[in-house]
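J.: One structure, as structure tokens, below. Some questions next.
The values are calculated or read from the model by the stated rules, or taken from the named source; none is laboratory data. This is a predicted model, so every value here is computed, not measured. Note: ideal-geometry Cβ built from the backbone for every residue, glycine included; neighbour counts use all protein chains shown. Ligands, DNA and RNA are excluded from the accessible area calculation, which covers all protein heavy atoms including side chains. Shrake-Rupley method; radii C 1.70, N 1.55, O 1.52, S 1.80 Å.
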Amino acid sequence: MMHGALPKIRLRGLRKAFGAKKVLDGVDLDVPAGQGTVILGGSGSGKSVTIKCILGLVEPDAGEIEIDGRDVLRMPRRERQEMADRIGMLFQNGALFDSLPVWENVCFKLLAQNRITRAAARDRAAEVLEQVGLAASVGDLSPAELSGGMQKRVALARAVAARPEIVFFDEPTTGLDPIMGSVIDGLIADVVKRLGATALSITHDIASARRIADTAAMIHRGRIVWTGPAASLGQTGNAMVDQFARGEREGPIQMELRR
Amino acid sequence: MASLVLDPLAALGRAAIGACRATGAVGLFALEAVSHWVRPPFYGRLFWGAFVEIAWFSLPVVALTAVFTGMVLALQSYTGFARFNAQSAVASVVVISLTRELGPVLAALMVAGRIGAAFAAEIGTMRVTDQIDALTTLSTDPMKYLVAPRVLAATLALPLLVLVADVLGVMGGWLIATFKLGFVSAAYLKSTADFLQTMDVVSGLAKAGVFGFVIGLMGTWCGYTSRGGARGVGGATTLAVVASSILILALDYALTEAFFAQ
Ligand SMILES: Nc1ncnc2c1ncn2[C@@H]1O[C@H](COP(=O)(O)OP(=O)(O)OP(=O)(O)O)[C@@H](O)[C@H]1O
Ligand SMILES: [Mg+2]
């Protein structure tokens, strides 16, 4: 991690509980600008909730969220909206609008911001769909007519179509075949490199994490317990991370039935 | 022993607090929805889509309801009035009860079943599949995009439907009166026109507007606040229909009181 440089996103002491269940219990995280960062962690450890807090979809109970050094939680609504306009998000389950054809889904943000005409949007959609390995003709289908993996790729196209400064990818390659998985990893790495975007991804796939991220962070019991270079995953020397990366049953992380 | 007395009281108190909280939440939701009617951007296509769905595709059920209601009104009031030799009052009873009460109330109940349920199911599904969150991340205000156009469409479509229901209901009554009860067609129509006052129709249409607003509001609110997967959406759909039906009947009384009480 570059020291001294202002992180794009800075989380400090982020806390969130749903009822009695503490999901985030003081998350501290720096996401460096113009790089890929990946969050690892067990199922239900609060990875998606962390991202939803940054997006403003979940109101944290306590803590600070800074983007470009500015406190987003205490920002006026309009400025927060402007901030959100520059962020793209891939939801874990796709969250495509099933009342709209694929091409309108892909260009939804560009159309909403009046940055493009409806005629130009079709061409732009075809272009982005091609990047995620889908033919332009897919644009005329409805999301319900697509397979799960195709929906994922359309959702990915929608997340990057407006050329965001910051993109969140919540499990971008889950449900894809291995080849398509590495194509998507390539696309994410490309978005970071070519557009200079800051990408924060969630994944359970260690190989994919190495491909799309420079930095990795591990969340456990509501806190970030380790941060380090993604390339070192598997031999970090941190027993918890190494156990997670190698998928071993024995180690400091015990499967919890309920928390 | 104390809990035997206190427990039901506590439950009652909790229910009352819950009801107050829900009323407040619906009120704020309504204010926000209405505030979007006058603030751009406007989603004309979405408004029009919802309007056509409500006004045009509800026509068959509303028309059938109105015709049969008019027919049965003529039949019932005839048997009633025949006991006093006051059969000539049939035309006035049919037209006044239709325009003031039965047209708006029955049309609204039919539309509540169709449209309230559809709004709640559609928006509820969008909520539990993260589509509403996705709208927010795509620079679109879900209140403006999903809620405001639907509530406006319901508010404007209901009066139109009720106007049609009024006409068809009177026609239903006339059918029975002339072909079954032996009225002279022209005389029946003339007494219908003579008895009808502008206020009868206007009050009915005003009620229809209020009922439309209630249907749109409860449908979208129940969907918007639904939680917990398919079951949650099912519950939201039922609640939308039940809540808007009860509100329609209660508001009907309140509005009648406001319009006609001396
Ligand atoms: N809206 C909500 N209401 C109540 N509990 C919630 C809500 N959202 C998340 N949770 C809880 O918060 C915890 C963390 O959820 P989260 O979705 O962040 O997990 P995750 O780390 O993304 O897991 P996965 O890898 O399985 O997607 C879970 O236990 C979940 O039950
Ligand atoms: Mg998740």
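J.: Take every residue in peptide B:137-147, count the Cβ atoms of other chains within 10 Å of its Cβ, and give the average of those counts.
T.: Details: counts 18, 18, 15, 5, 2, 0, 0, 0, 1, 0, 0.
Shielding by partners across B:137-147 averages 5.
J.: Which entries in the list A:K52/B:K207; A:K16/A:K109; A:K193/B:K144; A:K152/A:K193 go over 32 Å, if you measure between the two C-alpha atoms of each? Please list the in-between numbers first.
T.: Working: A:K52/B:K207 43 Å; A:K16/A:K109 29 Å; A:K193/B:K144 36 Å; A:K152/A:K193 22 Å.
From A:K52/B:K207; A:K16/A:K109; A:K193/B:K144; A:K152/A:K193, over 32 Å: A:K52/B:K207; A:K193/B:K144.
J.: Leaving out ligands, DNA and RNA, what percent of the accessible area of the protein assembly as shown is carbon and sulfur, probe 1.4 Å? Walk me through the numbers before you get to the answer.
T.: On the way: 15270 of 24550 Å².
Reported share for carbon and sulfur atoms: 62 percent.
J.: Take every Cα pair under 8 Å in chain A that's 6+ residues apart, average their separations, divide by the length, and report that relative contact order as a whole percent. Please list the in-between numbers first.
T.: On the way: 476 pairs, mean separation 63.8, N = 259.
It rounds to 25 percent for chain A.
J.: Calculate the radius of gyration of the Cα atoms of segment B:1-144 to one decimal place, then report Dmax, the largest Cα-Cα distance, as a whole number, both in Å.
T.: 23.4, 70
J.: Rolling a 1.4 angstrom probe over the protein chains, ignoring ligands and nucleic acids, what is the accessible area of A:R194 in square angstrom, nearest 10?
T.: Approximately 140 Å² for this residue.
J.: To test your reading of the geometry: what angle, between 0 and 90 degrees and rounded to tens, separates the Cα axis of helix A:118-131 from the longest principal axis of chain A?
T.: The helix A:118-131 is inclined about 50 degrees to chain A.
J.: Work out, in µm²/s and without decimals, the Stokes-Einstein translational diffusion coefficient of the protein assembly as shown at 25 °C, 0.890 mPa s, Rh from Kirkwood over C-alpha pairs.
T.: Details: Rh = 26.7 Å.
Roughly 92 µm²/s, to the nearest whole number.
J.: In deg cm²/dmol, rounded to 500, what helix-only [θ] at 222 nm does chain B give when every DSSP H run of at least 4 residues adds -39500 (n - 2.57) and the total is split over its residues?
T.: Numbers: 11 runs with 210 residues, N = 262.
Value at 222 nm, helices only: -27500 deg cm²/dmol.
J.: Another one. If each residue of separation counts as 0.36 nm, what is the full-extension length gain between B:R83 and B:L175 once their alpha-carbon separation is subtracted? Please list the in-between numbers first.
T.: Details: separation 92, 0.36 × 92 = 33.12 nm, distance 2.18 nm.
Length gained, B:R83 through B:L175: 30.9 nm.
J.: Please give me, ordered by residue number, the trypsin sites (Lys or Arg not before Pro) of segment A:141-185 that lie in loop per DSSP and have at most 15 other Cβ atoms within 10 Å. The partial results should precede the final answer.
T.: Working: sites: A:K152, A:R153, A:R158; in loops: none.
In loop regions of segment A:141-185 (DSSP not H, G, I, E or B), there are no sparsely surrounded trypsin sites (Lys or Arg not before Pro).
J.: Label points 7 Å out from Cα along the Cβ direction at A:D123 and A:S232: separation in nm?
T.: 4.9
J.: So with the 1.4 Å probe, I'd like the accessible area per residue for chain B, rounded to whole Å². Before the final figure, lay out the partial values.
T.: Numbers: 12670 Å² over 262 residues.
Per residue, chain B has 48 Å² of solvent-accessible surface.
J.: Moving on to the next point. So which DSSP H runs in chain B come out at 30 Å plus along the axis (Cα) with average Kyte-Doolittle of at least 1.6?
T.: Numbers: long enough: B:2-37 (52 Å, 1.04); B:59-82 (34 Å, 1.52); B:148-179 (47 Å, 1.77); B:198-224 (39 Å, 1.12); B:229-260 (46 Å, 1.27).
Taking the DSSP H segments of chain B (at least 30 Å long, mean hydropathy at least 1.6), we get B:148-179.
J.: Given springs between every Cα pair under 10 Å in a Gaussian network model of chain B, which of B:T198, B:T237, B:T99 has the largest fluctuation?
T.: Of the options given, B:T198 has the highest mean-square fluctuation.
J.: So how much accessible surface do A and B hide from each other in total, probe 1.4 Å, in square angstrom to the nearest 100?
T.: Details: alone 12610 and 13480 Å², together 24550 Å².
Roughly 1500 Å².
J.: On to the next question. Probe 1.4 Å, all protein chains in place: accessible area of B:L59 in Å², nearest 10?
T.: 50
J.: Subtracting the Cα-Cα distance from 0.36 nm times the residue separation, let me have the gained length for B:E257 to B:W48 in nm, one decimal.
T.: Working: separation 209, 0.36 × 209 = 75.24 nm, distance 3.37 nm.
Contour length minus the Cα-Cα distance gives 71.9 nm.
J.: Hey, what did segment B:42-260 get for relative contact order, percent, Cα under 8 Å, at least 6 apart?
T.: 35
J.: Suppose each label sits 7 Å from its Cα in the direction of the beta carbon; what would the B:T23-A:A62 distance come out to in nanometres?
T.: My value for the distance between the label points is 3.7 nm.
J.: May I ask you to rank A:K21, A:K47 by accessible area, largest first, using a 1.4 Å probe over the protein chains only?
T.: Numbers: A:K21 105, A:K47 15 Å².
The residues order as A:K21, A:K47, largest area first.
J.: Give or take rounding to whole Å, what are the principal axis extents of the alpha carbon atoms in chain B, in descending order?
T.: Here the spans come out as 65, 61, 35 Å, largest first.
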